[in-house]
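Notes for the one structure printed next.
What follows draws every value from the coordinates through simple rules; no lab data is involved. Because the structure is a prediction, the values reported are computed rather than measured. Positions of Cβ are backbone-derived with ideal geometry, glycine not excepted, and every protein chain shown enters the neighbour counts.
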Amino acid sequence: MSSSKISSNLLSGDVVDRESRTVYKVGRFLGKGGFARCYELIKREGPMLTDHVAGKVISKNNLTKKNSREKISQEIDIHKKLNHPHVVKMMTHFEDPNNLFIILELCESSSLMELQKRRKFVSEEEARYFLGQIVDGCAYLHQLSIIHRDLKLGNLFLNHRMQVKIGDFGLATIVRFVGERRKTLCGTPNYIAPEMLKKEGHSYEVDIWALGCILYTLLIGKPPFETQSLQDTYTRIKKNQYTIPSRISEYAAKLIKCLLDPVPSQRPTVFNIQKADFFRRGYHPHSLPNSCLTTQPKFDFVNKRRSLAGEQDLCGMTGNVMSQDRSKFTAPLLVASTATSGMRDLFDLLSKLLDSYDASFQNLDDILEPSCRPVFWVSKWVDYSDRYGLGYQLSDESIGVLFNDGTKLVSDAAFKQLQYVDKAGQEVYHRTEQQPENLNKKYSLLRYFRSYMNENLVKAGANITMTEGEELQRLPVMYTWLRSRSAIMLLLNNGLLQANFFEDHEKVIVCPHLEAVTCITGKGEMFTLKIEKMMKHSYPSDLFKRLKYMRGQIQKMMEANQTLQK
């Protein structure tokens, strides 16, 4: 997709804070919401580019009404005073003749909303990790007499270390005296507390209610009161009508019920939440790897090591189903029995998108959704299928091989950990220095592919920074692939479909979970587009041709997969 052929109103060039004489180079577009657009900004120090920050840009054309100006002023007044590890840091704010700029801490890993959409639901260990940090940040706000009033997955951002940062203080308010009850109806429908809907007045307890909705959504995969209609959702909230699946542990269910108590005064204060059994009776990781943005970490492997070291194995208390041998894990992703339905979903999604195409497309801004950019994609590959299989490198520099016998072997970027997947989809983990003898040949081939790709192939797109929690990392692996004269199709076991076109080196990536399409040009430029917006505003003609080709190839992959299952 050539960006030069498409009109765009995105900010470019430099932005100058005249008071501090700070110059920022405008980087990639991060997204938009309400009146604002967000960009990555890079501070200029002479000829050098240094700190990366987020710039929230609000056009003054949207601030002509007194109410709008007052709302932004209140947001700035509240946010600029905050300083906590789990609250997005506001550095400064300034304006030029056209725009107001709010400079914020950059959260490179988007938000918990994108994570939940990719994963559907997370493990209780991960929920414990995320909720603990959210509670810490919320406790800090409540200590300062601040009610956030819009806590939800989309306002809980993640930095490159997978640390949660509470952001967006547009609806936040300050409690001026003990017992003050606010009357405003505000927030996001799925997270609104019943006392708000009943207009009984509200205070800090609405944030506690939102924490209950957040925990429920992370563990179950959808908000507790969600329905197809707003009125039905509000009715269920008022009646406290929701169900907790039996797979959820006793401790998690108990905490959800406490947080979602219909009587505000019966909910725990934010300072007491982490005293709940949910936090005290289960494994609480201190860090998580970036891979958890798309795949569940391997807590089973870590807990086996903890048990062997004589520590209490807490994993069994969380309600997760693990195999008898805790160094093994059957991936709940694409295996033969579900791959065909996964491919069918991709085929149907592409068909729906292709049917909506309109050749009158004009503006790229209308369909951009940078927050949906993929976490992993294939940055390099080498076809040695005449003898061994397909070798590939992911965008985080991890290496994998899909062997001709259907097995897979993957190593992390540091080449310290191995992840072996047998034909049945069962995963086994090893340290590279401790791989079993039966994997010696495949390990040698993995090393060969790694060396060859590093020496001979150019990487596609930017890499992802490695973080703490590497021992929990579980990487997506190649499920299948199909090569033709014009392109190679690559399907990962997390459902991601990628096509690399040979003629111009363009890459197109389709994520069925976020319903997004990402294009990486031959020059390495990346554009992520939301399918819902593409269906409304259409999209470039060259992308239409590529997506049509991909749909045809998915059809062939489905037929081949069905043949294998017979």
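What to note about this one:
- Summed over qualifying helices (DSSP H, 4 residues or more, each -39500 (n - 2.57)) and divided by its residue number, the chain shows a 222 nm mean residue ellipticity of -9000 deg cm²/dmol.
- Positive-end residue of Phe35, His86, Leu104, charge dipole of the range 10-104 with Cβ unit charges: Phe35
- Overall form of the range 495-557 per C-alpha gyration tensor (a/c, 1.5; a/b vs b/c): rounded
- Loop-located chymotrypsin sites (Phe, Trp or Tyr not before Pro) in the range 140-178, at most 11 other Cβ atoms within 10 Å (DSSP): Phe177
- Projected label distance in nm at Lys183 and Gln434, using a 7 Å step from Cα toward the beta-carbon: 6.5
- Note on Glu559 and Asn456: with the Förster distance fixed at 41 Å, the Cβ-Cβ geometry gives a FRET efficiency of about 0.80.
- With both labels modelled 7 Å from their Cα along Cα-to-Cβ, the Lys25 to His160 distance reads 1.6 nm.
- Taking amide H positions as modeled 1.01 Å from N, with prolines and chain starts lacking one, the residues under 5 Å from Leu418 and 5 or more places away or on another chain are His430, Arg431, Thr432.
- Residues Trp381, Trp209 arranged by fewest to most Cβ contacts within 10 Å: Trp381, Trp209
- The Kirkwood hydrodynamic radius of the range 10-104, based on inverse pair distances between different Cα atoms, is 14.0 Å.
- Among residues other than Asn240 with Cβ under 10 Å from its Cβ, the summed charge is +3 (Lys and Arg +1, Asp and Glu -1).
- Of Lys65/Lys152; Lys25/Lys56; Lys120/Lys442, pairs whose Cα-Cα distance is over 22 Å: Lys65/Lys152; Lys120/Lys442
- Convex hull projection area averaged over all views, the range 133-176, Cα basis, nm²: 3.1
- ³J(HN,Hα), Karplus 6.51/-1.76/1.60, whole Hz, each residue of the range 365-377, x for Gly, Pro: 3, 5, 10, 5, 8, x, 5, 9, 4, x, 7, 10, 8
- Prolate/oblate/rounded label for the range 112-282 (Cα gyration tensor, a/c 1.5): rounded
- Fewest-first ordering of Leu368, Leu496 by other beta carbons within 10 Å of each residue's beta carbon gives Leu368, Leu496.
- Contact order normalised by residue count of the range 10-104, Cα under 8 Å, 6+ apart, percent: 21
- Selection of trypsin sites (Lys or Arg not before Pro), the range 198-267, meeting DSSP coil and at most 10 other Cβ within 10 Å: Lys199
- Residue-wise HN-Hα couplings along the range 239-254, as the Karplus relation 6.51 cos²θ - 1.76 cosθ + 1.60 with θ = phi - 60° gives them from phi, are 8, 6, 9, 7, 10, 10, x, 5, 6, 6, 5, 4, 5, 5, 4, 5 Hz; Gly and Pro carry x.
- Measuring how big the chain is from its alpha-carbon positions, Rg and Dmax come out at 24.6, 75 Å.
- Ordering Arg546, Arg387 by the number of other Cβ atoms within 10 Å of each residue's own Cβ, fewest first, gives Arg387, Arg546.
- Here the spin labels are modelled as points 7 Å beyond Cα on the Cα-Cβ line, and at Thr269 and Asn363 they lie 5.0 nm apart.
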